[in-house]
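A.B. asks: Here it is, the structure, as structure tokens.
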Amino acid sequence: MDRSRPGSKHHLLTDANGTPLVVRLSAANQADINELYSLVDGIPPLRGRRGRPRFRARSLYADRGYDSKAHRIGLRLRRIQPFIAKRNTDNGSGLGRWRWVVERTIAWLHRYRRLRVRYERRADIHEAFLLLAASLICWRTLKPSLC
């Protein structure tokens, strides 16, 4: 890990359609795995059937940056089935069939120039722009169903 690497990372958790549910900002010199639980715990209540709303998804698809045996066990204890690509293996794990939705949403976020290249020195301002862009993506995704 390069500790002197400047910049920031955008961590994103989406639903199956690519609508951002949770967005986090972290330093570029931190490991991705550190943000896994904060992403999962930040999931808002999911609407659906009558009764108590679900706070957890049933499954989670993630890339190699989130691979850890301890975190897989932690997700299973939270009743979430992890589908995480294993480190030090060849590509072609088959998760790309579902992971492209997240990659597309990240591309939607990076259409905004202030997120693609970080111009702000303060992290709270950059995170505000990140949340604003995620809100705009949610609005554009959900707008056709509202009409």
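The values are calculated or read from the model by the stated rules, or taken from the named source; none is laboratory data. This structure is a prediction, so every number in the text was calculated from the model and none was measured. All Cβ positions, even for glycine, are placed from backbone atoms using ideal geometry, and neighbour counts span all protein chains on display.
A.B. asks: With the stretch 50-139 as the region, which helices (runs of 4 or more DSSP H) entirely inside it contain at least 1 residues that are among the acidic types (Asp, Glu) and modelled with pLDDT of 80 or more? Can you show your working first?
C.D. replies: Numbers: elements: 69-77, 96-109, 113-116.
Where helices (runs of 4 or more DSSP H) fall fully within the stretch 50-139 and carry at least 1 residues being among the acidic types (Asp, Glu) and modelled with pLDDT of 80 or more, they are 96-109.
A.B. asks: Looking only at the stretch 63-79, how many residues end up being over 16 Å from VAL102 (Cβ atoms) and surrounded by 12 or more Cβ atoms within 10 Å (Cβ to Cβ)?
C.D. replies: Adding up the residues that qualify gives 6.
A.B. asks: Can you name the condition, by its number, that LYS9 falls short on among (1) in a loop (DSSP other than H, G, I, E, B); (2) at pLDDT 85 or above; (3) surrounded by 14 or more Cβ atoms within 10 Å (Cβ to Cβ); (4) not β-branched (Val, Ile, Thr)?
C.D. replies: Here LYS9 meets the rest and fails (1).
A.B. asks: How many of the residues making up the stretch 12-49 are surrounded by fewer than 12 Cβ atoms within 10 Å (Cβ to Cβ), at pLDDT 80 or above and over 20 Å from ALA107 (Cα atoms)? Can you show your working first?
C.D. replies: Pass one, the stretch 12-49, residues surrounded by fewer than 12 Cβ atoms within 10 Å (Cβ to Cβ): 16-17, 41, 44-45, 47-49.
Cutting the leftovers down to at pLDDT 80 or above gives us 16-17, 41.
When the remaining residues are screened for being over 20 Å from ALA107 (Cα atoms), the result is 41.
Residues flagged as surrounded by fewer than 12 Cβ atoms within 10 Å (Cβ to Cβ), at pLDDT 80 or above and over 20 Å from ALA107 (Cα atoms) within the stretch 12-49 amount to 1.
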